[in-house]
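Every read-out reported here was derived from the displayed coordinates using simple, explicitly stated rules and does not represent laboratory data. Not measured: the values here are computed from a predicted model. We place every Cβ from the backbone using ideal geometry, glycine too, and count neighbours over all the protein chains shown.
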Amino acid sequence: MEAKVTTTTLAEMKARGEKICMLTAYDYPTARLVDEAGIEVILVGDSVGNVLLGYPSTLPVTMEEMLHHTRAVARAVKRALVVGDMPFLSYQPSDSEAVLNAGRFLKAGAEAVKVEGGTPVLGRIRAMLDAGIPVMGHLGLTPQWIHQFGGYRVRAKTAEAARLLLQEAKELERAGVFSLVLEGIPWQVAKLITESVRVPTIGIGAGPYCDGQVLVLHDLLGLTERVPKFVKRYAGLGEEIRRALSEFRREVKEGKFPTLQFSYEMPPEELEKLKKG
């Protein structure tokens, strides 16, 4: 088996120009498949709220829900770096809550946590790092801030906003994050940040010049109804599942399933005893 991926592995990959692959996973079977595919980082994302739990956004997701899914993922993974996504209000209230909740992720099997935001959360990030907890930053379109942003909109579209984002990226690097997710920003801005910081950048809707890329697993597999512009569908599993379910229903209705091929059989001698009463 290949060596375990660590935060140091990602830094080494950036140094030698090797791209980093990251995907979300929320349960044992999909995490196992993602890990076996050689993906370096698995994010147990708070996107579980939209993707699996039916919430309208990531905001309702709780720590208990995140820990439940993190445990399932961690049990499946042998090689990838597992990152737990800290949900809304799990780190914002205080340094002590941030450290406690980040520690709960590590106890559940994660090896690092991800935190959204820049300057306003620097203190929280430093507190977690001081407690020995690796932190991945997240800048640009940060879904936990959608009400402040006025919706899911591309960020850093002006020169002034781009300069502020670059400043925040450098602040997060100085604070000690081991990598940065850059979401929903112009590719030129993502390229500038990637070239300006030593830590790896992982893009989602941020163009091709980041050190790595991340997508929501269910989006690329074709299991979600609508996807953003930046998502490429690599499979159409939604349609395939729909076809299989329809065929199952039809065969049950027509009495074609199950046949004896899919049935258990009593030994002949026992059947004779049964018939004799």
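Structure notes:
- Spacing of the two label points (7 Å from each Cα toward its C-beta) at L260 and T8, in nm: 6.4 nm
- Extension gain from R75 to R233, taking 0.36 nm per residue of separation minus the Cα-Cα distance: 54.1 nm
- Computed from the C-beta positions of R198 and Y152, the FRET efficiency with R₀ = 35 Å rounds to 0.70.
- Within a Gaussian network of the chain (alpha carbon springs, distance under 10 Å), most fluctuating of E251, E168, E111: E251
- The trypsin sites (Lys or Arg not before Pro) of the range 204-277 that DSSP puts in a loop, and whose beta carbon has at most 12 other beta carbons within 10 Å, are R226, K229, K232, K256.
- Peptides 82-91, 195-204 ranked from most to least packed by the mean count of surrounding Cβ atoms within 10 Å: 82-91, 195-204.
- Proximal charge balance of I125 [Cβ under 13 Å; K/R count +1, D/E count -1]: -2
- For the peptides 265-272, 159-166, 69-76, residues were scored by their other Cβ atoms within 10 Å and the scores averaged per peptide; the highest-first order is 69-76, 159-166, 265-272.
- The range 255-277 and the range 28-97 have Cα centres lying 46 Å from one another.
- Between L274 and S94, full extension at 0.36 nm per residue minus the direct alpha carbon distance yields a gain of 57.7 nm.
- Unit charges at the beta carbon, dipole of the chain: most positive-side option, L106, I185, A3: I185
- Rounded to the nearest 20, the size of the Cβ-charge dipole of the range 7-235 about its Cα centre is 400 debye, with Lys and Arg at +1 and Asp and Glu at -1.
- Relative contact order (%) - the chain, alpha-carbon pairs under 8 angstrom, separation at least six: 15 percent
- Under the criterion of Cα pairs below 8 Å and six or more residues apart, the relative contact order for the range 198-243 equals 28 percent.
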